[in-house]
Amino acid sequence: MAAEQIYDNHGRPISYLRIAVTDRCNLRCFYCMPEEGIKYLPRKELLTYEELERLVKILVNMGVSKVRITGGEPFVRQDLMKFLWKLRAIDGLKDIAITTNGVLTKPYITELRELGVSSINLSLDTIDRDQFKLITRRDEFDAVMETFDLIVEHGIPLKVNAVIMDGKNTKDILPMTALTQHYPVSIRFIEEMPFNGEGAKYQRLTWTFTKIIDTIKEKYPNLTKIDDGDNSTSYNYHIPGFKGDVGVIAAFSRTFCGSCNRIRLTAQGTLKTCLYDDGVLDIKSLIRQGADDKALKAAFLSAFNRRPKDGFEAEQNRQNQNPISESMSTIGG
Ligand code: SAM
Ligand code: SF4
């Protein structure tokens, strides 16, 4: 059971942990990874499942109640389901969620429902097969759509993540919004961030969350704002009579930092207290030097007490890679 709820230096609860279990991926989405020349981490550089389980237990005791598994593509790491069952057994951990590209996910959907996964985020930037191949540099559209159908069939809450990119998939905004007429899913359009593994290429964004919403409103003037829920990063909307809803995530504009309850463990075992920082604690080294749980908790506490107030401050504080040059596949989104 969660013994206490830890708050950061700005009074925000730390209750949501995202874990990138691998940096490897079977797609090459161009906004996330370069096509070639990727240096994957050697396996021994990844936190083991046992190390991760130990860290999750410590963090749950500090108030974390939700864990999202991400990557890279989580399903390329062996024995992922065994790890998820270990997490399921942790007292006080209420929600286990997963973010996946859907290519290898289909065989695990039934087990994910048995596990009681609280939601699946499926990354799908377009519903046009050719465009999918251009964006992901792989021809896996059918596999992803089969996963989509099966998740819906199993009644698992499904959020579709679509990164909106000028000149690439802005034409998909309306057809993807239309999906919510018949499917009880949440389609979330995400502002593109500069984490493509090749360095920041832009300072300004054309397709901001406001422009995306305006585009939807033009076609659906009755688009209605709905409740976002606590600590949500998306602004959510509903079209009357439709089964699902749509949302926008201002990931580049960073409007949601004031209520951010998230921390991240990267594939290489560093703690991030903001998506835009470059890692504030090398927790893997601490563990491997033999730190006990008390010392690990103290290290977490110290990092939570130095949390930047928003993503702009975190970006300014970066020590190593400035401007941003890492790939989202090491961070997990
Ligand atoms: N491979 C899994 C997937 O694609 O769902 C999980 C990892 S992926 C890094 C997690 C999320 O980050 C995906 O929804 C992806 O669209 C998003 N993402 C990756 N690079 C991004 C970028 N440059 N800007 C915005 N979102 C990005
Ligand atoms: Fe892989 Fe996900 Fe990155 Fe696409 S967004 S390359 S699927 S990690």
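The values are calculated or read from the model by the stated rules, or taken from the named source; none is laboratory data. None of the values given here were measured: they were computed from a predicted structure. No Cβ is skipped: glycine too gets one built from the backbone with ideal geometry, and neighbour counts run over all protein chains shown. Just the protein is used for accessible areas: all its heavy atoms, side chains included, with ligands, DNA and RNA removed. Shrake-Rupley method; radii C 1.70, N 1.55, O 1.52, S 1.80 Å.
Summary of computed values
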quantity	calculated
Residues of the range 280-307 classified as touching a residue at least 12 places away in the same chain (Cβ under 8 Å), assigned to a loop (DSSP other than H, G, I, E, B) and not charged (D, E, K, R), total	2
The one condition in (1) away from ligand 1 (no atom under 15 Å from the Cβ); (2) in a loop (DSSP other than H, G, I, E, B) that Pro323 fails to fulfil	(1)
Members of the range 30-64 found to be assigned to a loop (DSSP other than H, G, I, E, B) and open to solvent by less than 30 Å² (accessible area, probe 1.4 Å), listed by number	Cys32, Met33, Pro34, Leu46, Leu47, Met62, Gly63, Val64
Residue within the range 145-160 that is within 12 Å of ligand 1 (Cβ to nearest atom) and either over 27 Å from Lys82 (Cα atoms) or open to solvent by 30 Å² or more (accessible area, probe 1.4 Å) (or both) present	yes
Filter result (within 16 Å of Ile173 (Cα to Cα), open to solvent by 60 Å² or more (accessible area, probe 1.4 Å) and outside any helix (DSSP H, G or I)) within the range 191-214	Thr206
Test for Thr126: is it in contact (Cβ under 8 Å) with a residue 40 or more places away in the chain, more than 16 Å from Val76 (Cβ to Cβ) and either open to solvent by 10 Å² or more (accessible area, probe 1.4 Å) or more than 11 Å from ligand 2 (Cβ to nearest atom) (or both)	yes
Hits in the range 102-123 - residues which are open to solvent by 20 Å² or more (accessible area, probe 1.4 Å), in a loop (DSSP other than H, G, I, E, B) and away from ligand 1 (no atom under 11 Å from the Cβ)	Gly116, Ser118
Condition check for Gly199: modelled with pLDDT under 90, within 13 Å of ligand 1 (Cβ to nearest atom) and at positive phi	yes
Condition broken by Ile69, with the remaining ones in (1) closer than 17 Å to Arg264 by Cα; (2) assigned to a helix (DSSP H, G or I); (3) of a type in the set (A, V, I, L, M, F, W, C) satisfied	(2)
Residue selected from the range 76-96 under the condition charged (D, E, K, R) and assigned to a loop (DSSP other than H, G, I, E, B), by the criterion farthest from the chain's Cα centre (by Cα)	Asp91
So Leu265, is it open to solvent by less than 60 Å² (accessible area, probe 1.4 Å) and touching a Leu at 6+ places or on another chain (Cβ under 7 Å)	yes
Residue ID - nearest to Thr224 (Cα to Cα), chosen from residues in the range 161-190 that are at pLDDT below 95 and open to solvent by 10 Å² or more (accessible area, probe 1.4 Å)	Asp166
Hits in the range 138-174 - residues which are within 16 Å of ligand 2 (Cβ to nearest atom), within 19 Å of Thr99 (Cβ to Cβ) and assigned to a loop (DSSP other than H, G, I, E, B)	Arg138, Glu140, Met165, Asn169
Sole exception among (1) of a type in the set (A, V, I, L, M); (2) within 16 Å of ligand 2 (Cβ to nearest atom); (3) without any contact (Cβ under 8 Å) to a residue 12 or more places away in the chain for Ala178, by number	(2)
All positions within the range 1-29 that are open to solvent by 50 Å² or more (accessible area, probe 1.4 Å) and within 9 Å of ligand 2 (Cβ to nearest atom)	Arg24
